[in-house]
1. Mind grabbing the interface size between A and B? I mean buried accessible area, both sides, 1.4 Å probe, in Å² to the nearest hundred.
2. Quick one: dipole size for the protein assembly as shown, taken about the Cα centre, charges +1 on Lys/Arg Cβ and -1 on Asp/Glu Cβ, in debye to the nearest 20.
3. Over the whole of A:16-27, what's the average partner chain Cβ count within 10 Å per residue? Rounded to a whole number, please.
4. I need the shape label for region B:1-51. Rule: rounded when a/c is under 1.5, else prolate if a/b > b/c, else oblate, with a, b, c from the alpha carbon gyration tensor.
5. Would you kindly calculate the translational diffusion coefficient of the protein assembly as shown, applying Stokes-Einstein with the Kirkwood radius from alpha carbon pairs, for 20 °C and a viscosity of 1.002 mPa s, and quote it in µm² s⁻¹ without decimals?
6. Which of the three applies to region B:50-138, rounded, prolate or oblate, going by the alpha-carbon gyration tensor with a ≥ b ≥ c and a/c under 1.5 meaning rounded?
7. When only C-alpha pairs under 8 Å and at least 6 residues apart count, what is the relative contact order of region B:10-115, in percent?
8. Highest first, please rank the peptides A:78-84, B:123-129 by the mean number of other Cβ atoms sitting within 10 Å of their residues.
Amino acid sequence: MVEIRKQRIWIHKNEILDTLEIEKEGKIKYFSYTYKIKGKNGKWIPGVRWDNLEQAPHVDRYDENNVLVEQKPCREKPLKEVIKLVTIFRRNLMTMDVSEL
Amino acid sequence: MHTEIFKSYSNAQIMEEKRRLEKKYESIENLHQKFSVDKCRNPELVDDYMIWKALNEEGARLTEKIVLKSLGIYQMMSPKRMEILDHLSSHATKSIKELAIELKRDYKNTYDDIKALVKFDLIELINDGKNKRPISKIDNIIMLPDKKIGLP
């Protein structure tokens with residue numbers, strides 16, 4: 001049985017955390033946790049994103065033009081930890097070395 | 001306190017979601033090719049691919065949750081907007097105009113309320129010919145203390 005869980009957590013009026021977890025036989029096979037900010041055109045643009053694509057957990061950092069500026073491997077983070085990081089650091093995450101957190 | 005809004009997809013809604021992905025990317029192979037080239041710039045392609053792949057598995061279940069800090073939702077919620085959510089959860093309305101007629105309300109006010117609900121992702125507007133079909137994205141709304149989901 002495959003369970004797909006999508007979640008949107010509103011951090012602030014113009015900031016959200018979009019999460020996706022795909023669970024199979026009780027184990028999370030794929031996750032992505034993306035902190036997004038509202039761009040000038042009203043669209044959500046990614047700022048920081050944790051995911052484990054190809055079983056390689058890493059964190060991506062984007063600039064305000066939606067260009068990937070950094071990709072670093074990091075340990076797998078539970079969603080609760082990501083929520084905490086995002087609500088504490090918010091936009092500052094976009095200038096931090098997130099892989100060290 | 002915060003508010004959690006749930007939606008659990010029925011089999012028909014899962015099929016509709018697959019059709020939506022098909023309309024957007026033509027085929028899962030196309031999407032795979034697209035995300036292999038563009039995954040750095042557009043991470044949503046990766047998520048769409050993973051969702052589609054999982055939806056193709058037998059017995060796949062899809063749930064959606066929206067978490068709002070309670071103040072945000074209560075500032076925008078009103079009895080009329082609650083009525084819209086309630087109505088859409090049990091009626092397949094074809095357009096905003098039809099919704100206004102069904103609720104015996106003025107079109108402009110109904111339209112404004114729909115826009116506000118769309119902003120909080122409580123309603124989705126689907127293009128249906130010339131019309132925009134409003135669909136509720138809600139099954140349940142519950143309130144929980146912040147600590148339950150790790151909000152400081």
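The values are calculated or read from the model by the stated rules, or taken from the named source; none is laboratory data. Because the structure is a prediction, the values reported are computed rather than measured. As a convention, Cβ positions derive from the backbone with ideal geometry for all residues, glycine included, and neighbour counts pool all protein chains shown. The protein model used for the area step is the full one, side chains on, heavy atoms only, and it has no ligands, DNA or RNA in it. Shrake-Rupley method; radii C 1.70, N 1.55, O 1.52, S 1.80 Å.
1. Numbers: alone 6540 and 10400 Å², together 14040 Å².
Buried area between the two chains comes out at roughly 2900 Å².
2. Values: 48 positive and 41 negative charges, 158 e Å.
Approximately 760 debye in magnitude.
3. Working: counts 3, 1, 3, 3, 7, 1, 9, 2, 3, 0, 0, 0.
Whole-number average of other-chain Cβ neighbours for A:16-27 is 3.
4. Details: a/c = 3.88, a/b = 1.44, b/c = 2.70.
In terms of gyration-tensor shape, oblate.
5. My calculation gives 110 µm²/s for D.
6. oblate
7. Values: 41 pairs, mean separation 16.6, N = 106.
It rounds to 16 percent for region B:10-115.
8. Details: A:78-84: 17.1, B:123-129: 12.4.
Taking the mean over residues of other Cβ atoms within 10 Å, the ranking is A:78-84, B:123-129.
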